[in-house]
């Protein structure tokens, strides 16, 4: 146990030191090359009081010369936008607990049900704390192109009056709810990884890995894709050039990721695949039955994920407006299309449609539409969903056999394959010629006049490549460090008996 605490302390010390190297500068105006999924917080500015009336005209004239012009009133959060973010944040939290926990828990054997529930529950709690301690600051304050700074460690300086920018000039939301919304994203991303090595990893290894990977993979990816100066800074072409240099690396490249195709799904899926290789296959893999113990709970979990995903995707608009409504409809219809296409393909290939197929198809559609939901039209969303159902079905069957990894709950086959598909197709269907919204020019405050599908697809592919390499390298190092400190895997006899009893001393069910 002392080794575990020492490892955790070491990791936290390194993360704080790494963040301190970032060069914290004041945000400068910039032009957004593309509308990203989230915005950097914009601090509220105080309103200056007017000068008191003077006794004589001469004195009044002198006072007018001496006094600076009164500052423009600070933007005030709209209660409707704030209320929507409260609801969206709660929906995203519901996706983790209980949604993901039940979805994963139903897929494992009964002897490991409780361990999976506890892993998801505990990781959600752990990452929530780390997000407030240093995660939000590193992800969403200015620093380098890869890491933010430490200005807002422990939410320093944030008050009930602090505001965060949205995607409309002069429109803000309360920064506290923005912190919570983004923190829920971080928590579910780390929890997604757990399905790749379920039923054989140490609980202590899960926690230590979560700290390392969150710090060095999730936070920099969130900063690279989503950090920018906010729309109010985009006043001229010159200002745009200056502020683009302060944005995240992939934001500067023009990558489109409305709600987390790269940051969440590809990032987590690659880490899960590396874990499946390094932790090793379950005892009896390929020889014994690993059938889900409760597809009822899995379908309940998938249903909760589908409902919660409306907060995940539509909430990423940060306003209760038409873009949020479009993301809502796209999330609904793409998921339905993926469910149908998975079931039909499975029916043709295997002779029968399955409940597991329906649940898996729904999640595949949710994953694929995530980066695209705020940029594509309804037709684009349907096409993305239909393709996701079929291609992810191949991902959990053909691709899985090709890779040879025991990805227990098909994290890479669904989240990796679906995330890559959605990220690339975002570049295609965001085109106005195909019903998409194009790229927003914040200087002119209108959609850009031109859009190149080929150029945007190259940018999207670049973002996918950076995410895959970054997550793979960080995950590999993290697993090796955990293995060196405390070991990754439970002993064989404990794995055979089940992690519920051997790791936690209790069971999910009693006869």
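What follows is calculated from the coordinates using simple rules that are stated; it is not laboratory data. For clarity, every value in this text was computed on a predicted model and none was experimentally measured. We place every Cβ from the backbone using ideal geometry, glycine too, and count neighbours over all the protein chains shown.
Here are a few things to note about the model shown:
- Cα gyration tensor, region 412-477 - rounded (a/c under 1.5), prolate or oblate: prolate
- Mean Cβ neighbour count within 10 Å, used as a protection proxy, ranking 390-397, 429-436 highest first: 390-397, 429-436
- If R0 equals 30 Å, the separation of the Cβ atoms of residue 444 and residue 83 corresponds to a calculated FRET efficiency of about 0.45.
- Cα long-axis angle, helix 57-66 against the chain (0 to 90 degrees, to the nearest 10): 40
- Spin-label model, residue 378/residue 110: points 7 Å from Cα along the beta carbon direction are separated by 4.6 nm.
- Mean separation of Cα contacts under 8 Å, 6 or more apart, over the residue count of the chain: relative contact order %: 23
- Taking 1.567 mPa s as the viscosity and 4 °C as the temperature, the Stokes-Einstein diffusion coefficient of region 303-414 based on its alpha-carbon Kirkwood radius rounds to 92 µm²/s.
- Axis angle, to the nearest 10 degrees, between helix 417-429 and the longest C-alpha principal axis of the chain: 40 degrees.
- 222 nm mean residue ellipticity, helices alone, for the chain (DSSP H n ≥ 4; -39,500 (n - 2.57); rounded to 500): -17500 deg cm²/dmol
- Over all distinct Cα-Cα pairs of region 123-224, the Kirkwood formula returns a hydrodynamic radius of 14.4 Å.
- Computing volume of the Cα convex hull per residue in Å³ directly from the structure and comparing it against (1) 155; (2) 170; (3) 137 singles out (1).
- For region 295-359: rounded, prolate or oblate by the Cα gyration tensor [a/c cutoff 1.5]: oblate
- Helix 203-213 axis, angle to the chain major axis (alpha carbon atoms, nearest 10°): 40
- Shape call, region 220-321: gyration tensor on alpha carbons, a/c limit 1.5: oblate
- Counting neighbouring beta carbons within 10 Å and listing from fewest to most, the residues 263, 490 come out as 490, 263.
- Computing FRET efficiency as 1/(1 + (r/R0)^6) for residue 90 and residue 241, where r is the C-beta to C-beta distance and R0 is 45 Å, gives about 0.70.
- Ranked packing of 304-315, 462-473, most packed first, by mean Cβ within 10 Å: 304-315, 462-473
- Ranking of 484, 326 by count of other Cβ atoms within 10 Å, fewest first: 484, 326
- By other beta-carbon atoms within 10 Å, ranking 223, 504 with the fewest at the front produces 504, 223.
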